[in-house]
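Trainee: Okay, handing you the structure first.
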Amino acid sequence: MKTQIELAREGIVTPQIGAVARDENVPADYVRRMVAEGKIVIPWNHNRKPKAVGIGKGLRTKVNASIGTSSDIVDYDAEISKARAAEKAGADTLMELSVGGDLDRVRREVIASVDLPVGNVPLYQAFCEAARKYGDPNKLEEEMLFDIIEQQCADGMAFMAVHCGINLYTIERLRKQGYRYGGLVSKGGVSMVAWMMANKRENPLYEKFDRVVSILKKYDTVLSLGNGLRAGAIHDSHDRAMVQELLINCELAELGQEMGCQMLVEGPGHMPLDEIETNIRLQKRMSNDAPYYMLGPISTDVVPGYDHISAAIGSAQSSRYGADLICYITPAEHLALPNEQDVIDGVKAAKVAAYIGDMNKYPGRGRERDKKMSKCRRDLDWNKQFELALFPEDAKAIRASRTPEDEQTCTMCGDFCASRGAGQLFKADLKGDKI
């Protein structure tokens, strides 16, 4: 079966393209053209058919939530609960990143529990299986790696982060710059680097990129070019190794599109605010506007327990300057495996960031909701305020927990309600769309 990008190039508006156009309130032919040009992707899989979600140029910034077991905590029911909680909280996509327990089981159960497009990182299972089979992950066989990629696609993966951009030249850059302040922080990236160094061989995912593409293309799974050498500290942002991997990934994105596969490019990581615009402009220029998936970015290294806020600040900037998909960060980042509440908090912080970014990325169409909210607050129309709120149930719960004497006001001001007082003074002066 043909992929979304191949069908779009033939002028066909697929059901998925049509669904994205309706969801985004944009013309279907616009989505088709952008898919054909590789500037929009729709994570999909012929074997599963998830909810159609568009990621890319001219669309709302999307939010990904990541879940999965660790070697210390394996609770299948908890991962299912987290997956469902992420979907309910508003995540647009989900990544299943387990490294502990029965990896086939948890992947398949998570996929079955949500309607969202689900992605993963195949290197995790590949190195776990090699460690279990041989007692040494560096004994991973190339054929085992490609077999696992195939099996995971067959299970229904809508997108897959594959670390194709790490090669021997990139590792040399890392060494010649004196390593890093924050080290390497990608599990898949470190595992692949260790394999390459132990075996003194090139990365097979880079060396046989056409084989990777051919597998994902068969299922119409989006190939997300993994960011294995991303900066794990703001002082490592845009070092030579990070930039080299980004350059390679942008080049591979173009090659993959030419082969008829939908392509995403992944970005960092940890990054100070003053570098975010440059990073996104660089990626967009080098990849011909391929959709950009930002992991965060976390904008300071000193707030463990509140990294979801640090990341939301970076994500809002990223969305503003053109990032298309952002990966949430939870309060547990750098500290522990996230629980269900961490997942909910992470998704909501990222949703706020994406919304704020889109307000500035699309000012002509992205601020009408805020105008309506302002008028409802001025007029003390609480029901309409809740309808317009990004998280209405949370807003209702807070108000209900501290009920005012006068139902028109809130307990912040009570009898001294500024909106009520000013409204009485200037009601007759309202005109135009301020009414």
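Trainee: Asp92: open to solvent by 10 Å² or more (accessible area, probe 1.4 Å) and under 29 Å from Tyr355 (Cα atoms), yes or no?
Mentor: On the way: open to solvent by 10 Å² or more (accessible area, probe 1.4 Å): yes; under 29 Å from Tyr355 (Cα atoms): yes.
Yes.
Trainee: Still on this structure, please answer the following. Pick from the stretch 213-233 the residues that are touching a strand residue (DSSP E or B) at 6+ places or on another chain (Cβ under 6 Å) and not in a loop (DSSP other than H, G, I, E, B): which of them is farthest from His46 (Cα to Cα)?
Mentor: Leu225
Trainee: From the set of residues in the stretch 95-107 that are among the aliphatic types (A, V, I, L, M) and open to solvent by less than 20 Å² (accessible area, probe 1.4 Å), which is nearest to Glu393 (Cα to Cα)?
Mentor: Residue satisfying both the conditions and the ranking: Met95.
Trainee: Checking Val303 against (1) without any contact (Cβ under 8 Å) to a residue 24 or more places away in the chain; (2) more than 19 Å from Val185 (Cα to Cα), which single condition isn't satisfied?
Mentor: Checking Val303 against (1) without any contact (Cβ under 8 Å) to a residue 24 or more places away in the chain; (2) more than 19 Å from Val185 (Cα to Cα), the one that fails is (2).
Trainee: How many residues, within the stretch 250-292, are aliphatic (A, V, I, L, M) and either farther than 21 Å from Gly54 by Cβ or open to solvent by 20 Å² or more (accessible area, probe 1.4 Å) (or both)? Outline the logic, then answer.
Mentor: Initially, the stretch 250-292 is screened for residues aliphatic (A, V, I, L, M), giving 252-253, 255, 259, 263-265, 271, 273, 276, 280, 282, 286, 290.
Those still in the list that are either farther than 21 Å from Gly54 by Cβ or open to solvent by 20 Å² or more (accessible area, probe 1.4 Å) (or both) too: 252, 255, 259, 271, 273, 276, 282, 286.
Of the residues in that region, 8 qualify.
Trainee: Filter the stretch 143-166 down to residues that are open to solvent by less than 10 Å² (accessible area, probe 1.4 Å) and either in a helix (DSSP H, G or I) or out of contact with any Leu (no Cβ under 7 Å at 6 or more places or on another chain) (or both), then give me how many there are.
Mentor: Total meeting the criteria: 9.
Trainee: A further question follows. Quick check on my filter: what residues within the stretch 30-44 are in contact with a Pro (Cβ under 6 Å, 6 or more places away or on another chain) and of a type in the set (Gly, Ala, Ser)?
Mentor: Result: no residue meets the conditions.
Trainee: Determine, yes or no, whether Ala194 is touching a residue at least 40 places away in the same chain (Cβ under 8 Å), small (Gly, Ala, Ser) and more than 30 Å from Arg84 (Cβ to Cβ).
Mentor: On the way: touching a residue at least 40 places away in the same chain (Cβ under 8 Å): yes; small (Gly, Ala, Ser): yes; more than 30 Å from Arg84 (Cβ to Cβ): yes.
Judged against the criteria, Ala194 is a match.
Trainee: Kindly list the number of the only condition in (1) open to solvent by 90 Å² or more (accessible area, probe 1.4 Å); (2) closer than 30 Å to Val26 by Cβ; (3) within 34 Å of the chain's Cα centre (by Cα) that fails for Lys434.
Mentor: For Lys434, the failing item is (3).
Trainee: Continuing with this model, one more query. If you take the residues of the stretch 1-33 that are open to solvent by 10 Å² or more (accessible area, probe 1.4 Å) and hydrophobic (A, V, I, L, M, F, W, C), which of them is nearest to the chain's Cα centre (by Cα)?
Mentor: Restricting to residues being open to solvent by 10 Å² or more (accessible area, probe 1.4 Å) and hydrophobic (A, V, I, L, M, F, W, C), the top hit is Ala19.
Trainee: Out of the stretch 372-384, which residues are touching a residue at least 12 places away in the same chain (Cβ under 8 Å), open to solvent by 60 Å² or more (accessible area, probe 1.4 Å) and within 26 Å of Ala89 (Cβ to Cβ)?
Mentor: Lys372, Arg377, Lys384
Trainee: What is the one condition in (1) closer than 20 Å to Asp102 by Cβ; (2) part of a loop (DSSP other than H, G, I, E, B); (3) in contact with a helix residue (DSSP H, G or I) (Cβ under 6 Å, 6 or more places away or on another chain); (4) not charged (D, E, K, R) that Gly182 does not satisfy?
Mentor: Every listed condition holds for Gly182 apart from (1).
Trainee: Scan the stretch 337-375 for residues that are part of a loop (DSSP other than H, G, I, E, B) and either closer than 30 Å to Gly305 by Cα or among the hydroxyl-bearing types (Ser, Thr, Tyr) (or both) and report the count.
Mentor: 4
Trainee: Regarding Gln283, is this residue without any contact (Cβ under 8 Å) to a residue 40 or more places away in the chain and among the polar types (S, T, N, Q)?
Mentor: The answer is yes for Gln283.
Trainee: So which residues in the stretch 121-142 are over 21 Å from Arg107 (Cα atoms) and open to solvent by 60 Å² or more (accessible area, probe 1.4 Å)?
Mentor: If the condition is that a residue be over 21 Å from Arg107 (Cα atoms) and open to solvent by 60 Å² or more (accessible area, probe 1.4 Å), then Tyr134, Gly135, Lys139, Glu141 are the ones that fit.
Trainee: Follow-up question, since we're still on this one. So Asp342 clears everything in (1) buried (at least 17 other Cβ atoms within 10 Å of the Cβ); (2) within 30 Å of Lys284 (Cβ to Cβ); (3) without any contact (Cβ under 8 Å) to a residue 60 or more places away in the chain; (4) over 15 Å from the mean Cα position of the chain (by Cα) except one condition, right? Which one?
Mentor: Result: Asp342 passes all but (2).
Trainee: Test of understanding: among Glu387, Glu393, which residue is open to solvent by 90 Å² or more (accessible area, probe 1.4 Å), assigned to a helix (DSSP H, G or I), within 30 Å of Leu295 (Cβ to Cβ) and at pLDDT 90 or above?
Mentor: Answer to the check: Glu393.
The values are calculated or read from the model by the stated rules, or taken from the named source; none is laboratory data. Just so it is clear, the structure is predicted and the values come from calculations on it, not from any experiment. Neighbour counts run over all protein chains shown; Cβ positions are idealised from the backbone, glycine included. Keep in mind that these areas ignore ligands, DNA and RNA; they rest on the heavy atoms of the full protein, side chains included. Shrake-Rupley method; radii C 1.70, N 1.55, O 1.52, S 1.80 Å.
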